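The values are calculated or read from the model by the stated rules, or taken from the named source; none is laboratory data. Just so it is clear, the structure is predicted and the values come from calculations on it, not from any experiment. Methodologically, a virtual Cβ is constructed for each residue, glycine included, from the backbone with ideal geometry; neighbour enumeration extends over all protein chains shown. Only protein heavy atoms, including side chains, enter the accessible area calculation; ligands, DNA and RNA are left aside. Shrake-Rupley method; radii C 1.70, N 1.55, O 1.52, S 1.80 Å.
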Amino acid sequence: MHDFLASIPSNAEGCAACAPLDDFLVISASGADALTFLHGQLTQDVTGLPADAARLAGYCTAKGRLLATLLMWRAAPGAGDEAPQLYALLRQDLSQALLKRLSMFVLRAKAKLAATALHACGVRAANDAQLAALEAAAGPLPRQTWERAELPSGTWIAAPSAAGERRWWWIASDAQLAGASALAGALTLTDADAWRAADLAAGIPWIGAATQDLFIPQTVNLELIQGVSFTKGCYPGQEVVARSHYRGTVKRRMAYGRVEAGAQEGALANVDVYDAAQPDEPVGRVIDAARHAGSVSALFEIALAALPGDLRLGAADGPRIAVAPLPYSIQPE
């Protein structure tokens, strides 16, 4: 852990929470062709990405199944073609395989993809007093979801929230953290579980190694949170994704719920979801889950026809999943 993060007190009352996101990695794309190369690989309009914003994106197989979801943003202008053009935040456990796969398709393009040494944190301000203290130390933070600000302390990206609190991804270099000592007094150090639970409640589908090559973007609601462009042109899996969109054939979506009691230990991603009234086969599958404050939150892919249902985790008689609404609608209009 960086010395700055280690200097943040734990359990400091009245301070915004800061969680190091050690299970995520920031990668960079550099070179004159970096943006156009990734524009042809991802579900997002990379070349049209606003300079002051970030967006989610997906990377798919030729069959339209997600190999990764990423949070991406344009780099600040640098000197020369070799300077980073784009950064992306993604799950650590699939990062090396993703970098290797994407690099295979670079060919003659002037583009280089690499892991960075940047640190990723999640910061949450529960009230106006915490926000004011943060801004007094860091400067004006972005307020609108997906808005981005470049500050002396690093890159701050406003994250979606389902609970009314303000949330940011904070990306910083060693040097930026070393110069951010004023921020330590406005923060309290927490683990990543609360941040992950808030991501789930906000309906953010992080694909990890356990859930690669299982879901098309629509079944994890990626286009509902601005993660898919249907006007940008071709990318791997584009025909499958576009066909599902324009024909209105999406019959499965991502839902959110809390496991009431008795969730199994260990990782829950890729665990089946059952309807107790239809015990013969699963009706869905867990995409991501988090344990926090004695409960388990989960995002799971499921047939719309199975909602709300008597949903169970792992078996037809497994722990009950209490479905709760996401901050956006998943039902067809």
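Here is a yes/no grid of residues against (1) open to solvent by 20 Å² or more (accessible area, probe 1.4 Å); (2) out of contact with any helix residue (DSSP H, G or I) (no Cβ under 7 Å at 6 or more places or on another chain):
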residue	(1), (2)
P50	yes, yes
A53	no, yes
A57	no, yes
A62	yes, yes
L89	no, yes
K100	yes, yes
A125	no, no
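Check V228 against each of (1) assigned to a loop (DSSP other than H, G, I, E, B); (2) open to solvent by less than 10 Å² (accessible area, probe 1.4 Å) and name the one condition it does not meet.
So V228 meets the others, but not (2).
For residues that are closer than 26 Å to E265 by Cβ and under 22 Å from the mean Cα position of the chain (by Cα), tally how many sit in region 277-333.
20
The rows are residues; the columns are (1) outside any helix (DSSP H, G or I); (2) in contact (Cβ under 8 Å) with a residue 60 or more places away in the chain.
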site	(1), (2)
A242	no, no
T249	yes, no
M254	yes, yes
R258	yes, yes
A261	yes, no
E265	yes, no
V273	yes, no
A289	yes, yes
P327	yes, yes
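Look at L94 and say whether it is modelled with pLDDT of 95 or more and either farther than 22 Å from V240 by Cβ or assigned to a loop (DSSP other than H, G, I, E, B) (or both).
Numbers: modelled with pLDDT of 95 or more: yes; either farther than 22 Å from V240 by Cβ or assigned to a loop (DSSP other than H, G, I, E, B) (or both): no.
When the stated conditions are applied, L94 does not pass them.
Kindly evaluate W170 against the criterion of being of a type outside the set (A, V, I, L, M), closer than 23 Å to W73 by Cα and open to solvent by less than 10 Å² (accessible area, probe 1.4 Å). Give the steps one after another, and end with the answer.
Working: of a type outside the set (A, V, I, L, M): yes; closer than 23 Å to W73 by Cα: yes; open to solvent by less than 10 Å² (accessible area, probe 1.4 Å): yes.
Yes; evaluated as a whole, the condition is true for this residue.
Examine region 52-71 for a residue that is more than 27 Å from C234 (Cα to Cα) and either modelled with pLDDT under 95 or part of a loop (DSSP other than H, G, I, E, B) (or both), and state whether such a residue exists. Let's see the steps before the verdict.
Initially, region 52-71 is screened for residues more than 27 Å from C234 (Cα to Cα), giving none.
No.
Show the residue pairs that are 6+ apart or on different chains and have beta-carbon atoms under 7 Å apart, the first residue being within region 171-197 and under 21 Å from L25 (Cα atoms), the second being among the basic types (K, R) and at pLDDT below 95.
That search, which allows pairs on different chains as well, returns D193/R291.
Can you run down the residue pairs with Cβ atoms below 6 Å, 6 or more apart or on separate chains, where the first is in region 45-63 and in contact (Cβ under 8 Å) with a residue 12 or more places away in the chain and the partner is open to solvent by less than 10 Å² (accessible area, probe 1.4 Å) and β-branched (V, I, T)?
Short answer, once both residue conditions are applied: A54/I157; A57/T43; G58/T43; G58/T69.
Can you tell me which residue within region 274-290, out of those that are among the hydrophobic types (A, V, I, L, M, F, W, C), more than 25 Å from D23 (Cα to Cα) and in contact with a strand residue (DSSP E or B) (Cβ under 6 Å, 6 or more places away or on another chain), is surrounded by the most Cβ atoms within 10 Å (Cβ to Cβ)?
Of all residues in region 274-290, those among the hydrophobic types (A, V, I, L, M, F, W, C) come to 276-277, 283, 286-287, 289-290.
Going one step further and asking which of them are more than 25 Å from D23 (Cα to Cα), we end up with 276-277, 283.
Filter once more, keeping what is in contact with a strand residue (DSSP E or B) (Cβ under 6 Å, 6 or more places away or on another chain): 276, 283.
Values: A276: 14, V283: 22.
Per the criteria, the residue is V283.
Looking only at region 38-48, which residues are open to solvent by 20 Å² or more (accessible area, probe 1.4 Å) and either touching a His at 6+ places or on another chain (Cβ under 8 Å) or within 20 Å of Q92 (Cα to Cα) (or both)? I'd like the intermediate steps shown before the answer.
Our first condition is that a residue be open to solvent by 20 Å² or more (accessible area, probe 1.4 Å); within region 38-48, this holds for 39-41, 45, 47-48.
Passing the criteria: Q41, D45, T47.
Here's a check for you: in region 313-333, which residue that is touching a Gly at 6+ places or on another chain (Cβ under 8 Å) and aliphatic (A, V, I, L, M) is most open to solvent (accessible area, probe 1.4 Å)? If you could, list the steps in order and put the result at the bottom.
If we filter region 313-333 for residues that are touching a Gly at 6+ places or on another chain (Cβ under 8 Å), which is where we start, we get 318-319, 321-324, 326-328, 332.
Of the ones still in play, those that are also aliphatic (A, V, I, L, M) are 321-324, 326.
Numbers: I321: 10, A322: 37, V323: 67, A324: 33, L326: 27 Å².
Looking at residues that are touching a Gly at 6+ places or on another chain (Cβ under 8 Å) and aliphatic (A, V, I, L, M), I get V323.
A76 fails exactly one of the following numbered conditions: (1) surrounded by fewer than 16 Cβ atoms within 10 Å (Cβ to Cβ); (2) of a type outside the set (F, W, Y); (3) in contact with a helix residue (DSSP H, G or I) (Cβ under 9 Å, 6 or more places away or on another chain); (4) outside any helix (DSSP H, G or I). What is the number of that condition?
For A76, the exception is condition (3).
Take region 291-312 and flag every residue that is closer than 23 Å to A198 by Cα, open to solvent by 70 Å² or more (accessible area, probe 1.4 Å) and not in a strand (DSSP E or B).
Matches in region 291-312: A293, G294, P308.
So, in region 7-22, of the ones that are part of a loop (DSSP other than H, G, I, E, B) and open to solvent by 50 Å² or more (accessible area, probe 1.4 Å), which residue ends up modelled with the highest pLDDT? Break it down into steps so the answer makes sense when it comes.
Narrowing region 7-22 to residues part of a loop (DSSP other than H, G, I, E, B): 8-9, 11-15, 21-22.
Then drop every residue that is not open to solvent by 50 Å² or more (accessible area, probe 1.4 Å), which leaves 9, 11, 13-14, 22.
Numbers: P9: 91, N11: 85, E13: 89, G14: 91, D22: 96.
Applying the filter and picking the extreme gives D22.
If we scan region 127-146, do we find a residue that is among the hydrophobic types (A, V, I, L, M, F, W, C), assigned to a loop (DSSP other than H, G, I, E, B) and closer than 25 Å to L66 by Cα?
Just the residues of region 127-146 that are among the hydrophobic types (A, V, I, L, M, F, W, C), to begin with: 129, 131-134, 136-138, 141, 146.
Subset that is assigned to a loop (DSSP other than H, G, I, E, B): 141, 146.
From the residues that got through so far, the ones that are closer than 25 Å to L66 by Cα too are 146.
Scanning region 127-146, I find at least one residue that is among the hydrophobic types (A, V, I, L, M, F, W, C), assigned to a loop (DSSP other than H, G, I, E, B) and closer than 25 Å to L66 by Cα, so the answer is yes.
Can you give me the number of residues within region 102-123 that are open to solvent by less than 20 Å² (accessible area, probe 1.4 Å) and within 26 Å of C18 (Cα to Cα)?
4
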